[in-house]
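Below is one structure, written out as structure tokens, with a few remarks after it.
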Amino acid sequence: MIAKILSLTSGLVIVISLAAAGGLSFLNLQEETQKEELMLSDFPEVFKNDTIIVIGNNASLIEKESAEAIAVKVENLSVNMSLNMDDTALAEDNKTSYNLILVGTPKSNNLLQEVYNLTNATRVTEEYPGENKGILEILRNPWNIEKSILLVVGSDERGVKAGSEMLTEGVKIKELNGNTIMVALELIKRQETNETSVIANEDDLLGKYEKSNKKFKKFEIGDVIVYWHQRMIDDAIVEFDYIRYELDKNTEELKEKNIHWRDDLPEQLPPIISKEQAVSMIRGEILSTNLYFISPESNVFPIAPTAKNPCWVVRSIDNSIMTITIIDAIEGVILGYGVPPPNRLIETDGGDKND
């Protein structure tokens, strides 16, 4: 069996493949009842340490992107993949030693069937909950009730994407009740459509608290109105720099204000190499290219010393190896990659691919 070893940092990995079922140990229900019930509002805190995100070897690109988005949410890091050969899979001690986040569909993620056999988790099929729909469910890890497991499962890949977006965008997971919810991609998209852009001093509500002409995103979450400004210097994202207001929808009173703003950056971009020049330095398929001022606090782009110049950050895949390349946008040289030297964990063939 061909196996791939993926890199990780800070105890978090994405395992792109699954072991065949075997050596299962059934959950002791009496013990489980003595444990405090997990809630979706426990995400992402309970998964910050010793967590494996598992997707199937034949997962679609949408499923892989959904898993990566969750990884960023959990640990604020990205995965730089290295390729190797191994004849083992997701071992039993991995199941018992780690928190697990399972991402995919029943056809693409074979480990889901094991979980369904060991627990009373809601079974997702192609018919239920249906097209573009999925289930988010959190429960005790059936291989070790001291650990947690989160199921991000869809009837199809768009249902998986709906679950990922619910965890990483828009609606605050803290405001979700219970341990199981149904998600639908069209509902998330409708929420995104309802988001508006406003100029601070032109908005009747925000203008009471923010007198600048900065552009904010405005959206509602339950009884809360949130205004969000991502700092940009021309076309460059300033990593971790933002202004956020949270107001009571009914009273219009300010509940919370957060600001993170560096004072050592220029007001305008200096001359830089073009996006096309940056991409020409990279092999393989380009997934995304963005211009950043990288934060000294960055876990996503942990190069040392921190780049003072703006940088092109290029995500690419070449021969199944995903790489995040950081290029000095002024000097036109590669500074490093998106993660430090990796630890390793297994990715294996999960069985025959279902068309």
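Taken together, the values in this text are just the output of simple stated rules run on the coordinates, not laboratory data. The structure displayed is predicted, hence computed values, not measured ones. Note: ideal-geometry Cβ built from the backbone for every residue, glycine included; neighbour counts use all protein chains shown.
Starting from the Cα gyration tensor of the stretch 100-162, take the square roots of the eigenvalues, sort them a ≥ b ≥ c, and report rounded, prolate or oblate (rounded when a/c is under 1.5, otherwise prolate if a/b is larger than b/c, else oblate). Since a/c reaches 1.5 and a/b is larger than b/c, the shape of the stretch 100-162 is classed as prolate. Which value in nm describes the separation of the simple spin-label points at Gln113 and Glu276, placed 7 Å from the Cα toward the beta carbon? The modelled label-to-label distance comes out at 5.0 nm.
Label zone of Tyr209 (point 7 Å out along Cα→Cβ, amide N under 11 Å): in the stretch 225-250 this covers 225-228, 244-249. Here the simple spin-label model places points 7 Å from the Cα toward Cβ, and for Leu61 and Lys255 these points are separated by 3.8 nm.
Using R0 = 45 Å, the C-beta based FRET efficiency linking Glu246 and Glu131 works out to 0.80. In this simple spin-label approximation, Asp235 and Glu331 carry label points 7 Å from Cα along the Cα→Cβ vector, and these lie 2.3 nm apart.
Rounded to the nearest whole Hz, the Karplus-based 3J(HN,Hα) values (6.51 cos²θ - 1.76 cosθ + 1.60, θ = phi - 60°) of the stretch 239-253 follow the sequence 4, 6, 9, 7, 10, 9, 10, 10, 10, 6, 5, 7, 9, 6, 7, with x at glycine and proline.
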